[in-house]
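Notes to accompany the following structure.
The values are calculated or read from the model by the stated rules, or taken from the named source; none is laboratory data. Since the structure is predicted, the reported quantities are computational estimates derived from the model, not experimental observations. Note that we place each Cβ from the backbone using ideal geometry, even for glycine, and neighbour counts take in every protein chain shown. The accessibility values were calculated without ligands, DNA or RNA, using every heavy atom of the protein model including side chains. Shrake-Rupley method; radii C 1.70, N 1.55, O 1.52, S 1.80 Å.
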Amino acid sequence: MATAISILAELVGGRIIGATDISISDVAPLQKAGAADITYLEDSKKITKLKTSTAGAVLVAEANIAAAQAATAAVLVVVKDPQAAFVQIMTHFRPLRPRASIGIDHRAVIAASVKIGDGTNIWPGATIADDVVLGKNCDIHPGVVIGPGCRLGDNVTLHPNCVLYHDISLGSRVIIHAGAVIGADGFGYRFVQGEFIRIPHTGTVRIEDDVEIGACTTIDRAMVGATVIGRGTKIDNLVMIAHNCEIGRHNAFASQVGFAGSCRTGDYVRCGGQVGVADHITIGSQAALGGKSGVMGDIPEKATYYGYPAGPDMEQLRLHLAFRKLPDLRDQVKELEKTVKAMQKRLDAEQSPPQRDAA
Amino acid sequence: MATAISILAELVGGRIIGATDISISDVAPLQKAGAADITYLEDSKKITKLKTSTAGAVLVAEANIAAAQAATAAVLVVVKDPQAAFVQIMTHFRPLRPRASIGIDHRAVIAASVKIGDGTNIWPGATIADDVVLGKNCDIHPGVVIGPGCRLGDNVTLHPNCVLYHDISLGSRVIIHAGAVIGADGFGYRFVQGEFIRIPHTGTVRIEDDVEIGACTTIDRAMVGATVIGRGTKIDNLVMIAHNCEIGRHNAFASQVGFAGSCRTGDYVRCGGQVGVADHITIGSQAALGGKSGVMGDIPEKATYYGYPAGPDMEQLRLHLAFRKLPDLRDQVKELEKTVKAMQKRLDAEQSPPQRDAA
Amino acid sequence: MATAISILAELVGGRIIGATDISISDVAPLQKAGAADITYLEDSKKITKLKTSTAGAVLVAEANIAAAQAATAAVLVVVKDPQAAFVQIMTHFRPLRPRASIGIDHRAVIAASVKIGDGTNIWPGATIADDVVLGKNCDIHPGVVIGPGCRLGDNVTLHPNCVLYHDISLGSRVIIHAGAVIGADGFGYRFVQGEFIRIPHTGTVRIEDDVEIGACTTIDRAMVGATVIGRGTKIDNLVMIAHNCEIGRHNAFASQVGFAGSCRTGDYVRCGGQVGVADHITIGSQAALGGKSGVMGDIPEKATYYGYPAGPDMEQLRLHLAFRKLPDLRDQVKELEKTVKAMQKRLDAEQSPPQRDAA
């Protein structure tokens, strides 16, 4: 489905620099784009990659026109936000499947007391228990299980086989991916006479508007009160959020991150993959944690930490540089020891001149 | 549902110190409790937190009365086990949903040969294959799949969408949370002529009484014999237990822990989150592993290990303290080198006095 | 079901050394085998374990006969490949459940446009959406959800409750274990005016022939193009493969490994458990990564790396040995400082003889 560059430019409100009569047939990343593809220049750091790109056309920002022209002979399409324009053209060439409109399938298992908003789809094989309230335009896919007492806002998508235990609340536009489990009992026991006795978890999970939760991620319910995921926060696959955590707004956690119980984060906190956070830790707003960090203490606002145990980035950098030179340091110390021993011998020789016989 | 403190005290067999006529309306943790809440003092270490708590009433042990009185003006309720009393009052204010009594739903898919004990609930959407035996008072939730030949004890709870492969055995009072997978084939292959050839896994998984297994945790079946989870052991979410592991009794593994194949643990072993254990490792009874440890060798009884690679705690502490001062050490060595060089010059100067011309 | 050793030897094409009239009733690992069990000697490194084994019979390779005879009085069965012979005898004593032949159950939910190859089983509770094509002899277990537009080859096994999102393609002989999720949207957002805006993921996942994917593993779809898992690659449980990764052929990843977006691996790459790989990393063919490694840069072909951050094995070994002696090094440096200070005093004393009064 080749499209004239002029039509694409119009689609994204862009200005063409170069040939206006070429045809584009797909989008592609900078490095994979060919003569019939359009790509985009995210920022000026990518200029070197642009030089070797064989893309037919490139979306660029006003500020990068000169640099782009120096780097490539491709047609430029000048736009405000090249990434946004790229996404728009991507869905022109690769249209998303439209949202289905199946209504409520009779093969779903839905308790009589469930309230369902207009425009909501419920697939066969979904199970919805008593006293659940679903908002408008939700999508409840096959195999989803919603426990009694749950409350969902509008435009919520629950992908196949995800599970909400009882009394969970989700805001609007929440997306939960396949296999995720929300509201299992927290991992809390009393240790009595050599046995672990389960502590009942009477709390819940509250997931605010615009949160997205990845496949097979698990978020446990609170003992008292609620485990909270703040508005706009995005959580990747296979993440663990333990009981009573209170995650702030617009956080982003990559996959396999784990938070132990009762942690709190501010807003705009970012975690790389496989980060682990011990229980009762507080992480300040806009803090960033490098991948695989092991966090054992509170983290101040806006700080960047990494390592195991995690520390401030500049300190960690200094430590790691020193660490990499540790074998050299050992050699230096050995050398010094030799030198000092030799000096000591000279000193001793000097200060104790050959003794004459006492005879 | 405010309740007189005297009624609560009676409920937990406690003695009131202070006003006996106040009313309490909920439980709350020490730090979040307000004037109408009751909280508890876990142990004397929490006294400082009690000082700033605004709780209306506090459950305390006999031993901590004096300290508590010095720290707070709140009404005290003296009990043997404050945490147990707190849990009891918690479920007074926040009653748990009663166990359902739905019997066997006709929309479940149950093979004709399945035997089912009295009082067992089987929800719509559960699937139970041939030759399965279920004990009494089990709860088999929607989307659960039980493979052929499985044996379940009494009072077993299988939460939604968890899966038992064929021929798995579960003791009584076992709880398996949503999305967990028990008995998938172990990750074992023969490498023949450049290809991995699957080794059939003819063994099983045996889960003993009172075990609890978290959401999306996976426990693989043995090649021969059984992967075993010992009585009373509690496993959190997203944990991996590989084929042929034999986990002892009353272990507690936090989330995202991974055991490679054929490991053995004694009783009362504890693992923090994200611990990884290499294959064929033995961990002695009562050993404790710090969060994110990477275990590559056997661990003796009662030892506490952490780090990557994991080592005994005191040794690790010493190493980490030294590590944190590594940049200082480098500076010290540089300084020493300078000093020694200067000394050497002085020594050289002394020992080789200015030479006269040989002429 | 005791079997004469002669029959077992014939079964695996082996030659008996020792008593030909004994009876064997089961297989067992070297260390657990008793007098009625047959075991195998994998290679000569296991000879010490053979010495303490009480096995009645042992499968050995030609090359290890003499060593085995010196180590044990057990009957030997000489074969080309002892492990393969062991597996064969294992399934003699412990026959695998035969593949079911249930055809297409009427309680499965199958869209009218789905095409299904001969010999394929579809269990009750499976859901298959529009425009799906299934090959021959596939097994689609209960609770499996296959999204619209998916293409499956022949002999594919989808274990219970695994999920394929829309438009995924699987080759032949692919095995996907329970709870795995293939094709969820990649974790990609644009950050605009303080909010994360989802980037639509128009790409797919392509899983080639003979791939096996573990329980609760998640493989995300690409933004454009495909996330690829190459032919013959084996992936354990709870692994994360992010959007746009291109994994080569015959890779083997142990459980809880995580690859961030757009990584590439060659063929025969191996990862121990809990390895984490940052985004856009390239790993050369035949590279091996030790358990729990944190990979932050490209890895050359055939290299063995481990550690966090990961480095070449010999370098890491050197660093870790130095690290373990770090407290000793500090002591050495302290000692040196003392020595040098003392020497300096001596030097000073020598070079500045006691001054007389200037008077």
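Counting Lys and Arg as +1 and Asp and Glu as -1 over every other residue whose Cβ lies under 13 Å from the Cβ of C:GLY119, the net charge comes to -1.
Averaged over the residues of peptide A:301-307, the number of Cβ atoms from other protein chains lying within 10 Å of each residue's Cβ is 1. Please find the FRET efficiency linking C:ALA63 to B:ARG318, where r is the Cβ-Cβ separation and R0 is fixed at 56 Å, and quote it to the nearest 0.05. Taking R0 as 56 Å, the efficiency between C:ALA63 and B:ARG318 is 0.75. Per residue of A:132-143, other chain Cβ atoms within 10 Å of the residue Cβ number 3 on average.
Remark: segment A:232-321 is approximated by an ellipsoid whose semi-axes, taken from the C-alpha gyration tensor as √(5λ), come to 19, 13, 12 Å, largest first. Burial of accessible area (probe 1.4 Å, heavy atoms of protein chains only) in segment C:168-186, relative to its chain alone, reaches at least 30 Å² for C:HIS177, C:ALA178, C:VAL181. The residues of segment B:189-332 have, on average, 34 Å² of accessible surface per residue, using a 1.4 Å probe with all protein chains present. Take the alpha carbon atoms of segment B:197-261, find their center, do the same for segment A:246-280, and report the distance between the two centers in whole angstrom. So the two Cα centres are separated by 27 Å.
The local environment of B:THR3, defined by Cβ-Cβ distances under 14 Å, has a net charge of -3 under the rule Lys, Arg +1 and Asp, Glu -1. Placing a label point 7 Å from the Cα of B:ASP298 along the Cα-to-Cβ direction, the distances to the matching points in the other copies come to 4.4, 4.4 nm, shortest first. Remark: label point of A:ALA19 defined 7 Å out from Cα along the Cα-Cβ vector; separations to the same position in other copies 8.6, 8.7 nm, ascending. Sorting the segments A:61-69, A:290-298, B:22-30, C:97-105 by their mean number of nearby beta carbons within 10 angstrom, highest to lowest, gives A:290-298, B:22-30, A:61-69, C:97-105. Plainly put, the protein assembly as shown has a radius of gyration that is 1.03 times its Kirkwood radius, both from alpha-carbon atoms, as the Rg/Rh ratio.
Remark: segment C:1-137 carries a charge dipole of roughly 240 debye about the Cα centre, counting +1 on each Lys and Arg Cβ and -1 on each Asp and Glu Cβ. Among the GluC sites (Glu not before Pro) within segment B:200-301, those in coil by DSSP and having at most 15 neighbouring Cβ atoms inside 10 Å are B:GLU301. Distance between the modelled labels on A:ARG198 and B:THR3, one decimal in nanometres: 2.1 nm (7 Å Cα→Cβ projection). Residues whose amide H lies under 5 Å from that of C:ASP154, counting only those 5 or more places away or on a different chain, are C:LYS136, C:SER172, C:ARG173; hydrogens are built 1.01 Å from N in the peptide plane. Summing +1 for each Lys or Arg and -1 for each Asp or Glu among the other residues whose beta-carbon sits under 15 angstrom from that of B:LEU134 gives -3. For B:LYS115, a cut-off of 24 angstrom between C-alpha atoms picks up these lysines, skipping any fewer than 8 places away in its own chain: B:LYS136.
Just the protein heavy atoms count here, and of the accessible area of the protein assembly as shown at 1.4 Å, carbon and sulfur take up 52 percent.
Report the charge-dipole magnitude of the protein assembly as shown in Debye, nearest 20, computed about the Cα centre from +1 at each Lys and Arg Cβ and -1 at each Asp and Glu Cβ. Before the final figure, lay out the partial values.
Values: 108 positive and 111 negative charges, 366 e Å.
Taking the Cα centre of the protein assembly as shown as origin, the dipole is about 1760 debye.
Spacing of the modelled spin labels on C:SER44 and C:ALA100, each 7 Å from Cα toward Cβ, amounts to 5.0 nm.
Got a sec? Which residues in segment B:296-311 would a label at A:MET296 touch, if it sits 7 Å along Cα→Cβ and we count backbone N under 15 Å? Correct set: B:304-311. For a test of the definition: using alpha carbon positions, the gyration tensor, and the 1.5 limit on a/c, classify chain A as rounded, prolate or oblate. Taking the square roots of the gyration eigenvalues as a ≥ b ≥ c, chain A is oblate. Interface residues of segment A:264-285, defined as those losing at least 30 Å² of solvent-accessible heavy-atom surface relative to the isolated chain (probe radius 1.4 Å), are listed as A:TYR268, A:ARG270, A:GLN274. Close amide H contacts of C:ALA36 (hydrogens built in the peptide plane, cut-off under 5 Å, sequence separation of 5 or more or a different chain): C:GLY56. Legend: distances between Cα atoms for A:LYS345/C:LYS338; B:LYS302/C:LYS49; A:LYS292/C:LYS292; B:LYS345/C:LYS338; A:LYS338/C:LYS345; A:LYS334/C:LYS334; pairs beyond 21 Å are B:LYS302/C:LYS49.
Seen from all directions on average, segment A:132-291 presents a Cα convex hull projection of 8.7 nm².
With the label put 7 angstrom out from Cα along the Cα-to-Cβ vector, A:LEU96 ends up 4.2, 4.2 nm from the copy partners, going from closest to farthest. In chain A, taking the dipole from charged Cβ atoms about the Cα centre, the farthest positive-side position among A:ALA226, A:GLY153, A:GLY258 is held by A:GLY258.
As a calculated quantity, the FRET efficiency between B:ASP348 and A:LYS334 at R0 = 22 Å, using C-beta atoms, amounts to about 0.50. In this structure segment A:127-174 gives 26 Å² per residue of accessible area when probed at 1.4 Å with all protein chains present.
Contact order, relative form, for chain B: 6 percent (alpha carbon pairs under 8 Å, 6 or more residues apart, mean separation divided by residue count). 3J(HN,Hα) along segment A:182-192: 10, x, 5, 4, x, 8, x, 9, 9, 9, 10 Hz, from the Karplus curve 6.51 cos²θ - 1.76 cosθ + 1.60 with θ = phi - 60°, whole Hz, x for Gly and Pro.
In order along segment B:28-37, the Karplus-derived 3J(HN,Hα) couplings, from 6.51 cos²θ - 1.76 cosθ + 1.60 at θ = phi - 60°, round to 6, x, 2, 7, 10, 6, x, 4, 9, 9 Hz, and Gly and Pro are given as x. The interface between chain C and chain A buries about 5300 Å² of solvent-accessible area in total (1.4 Å probe, ligands and nucleic acids excluded).
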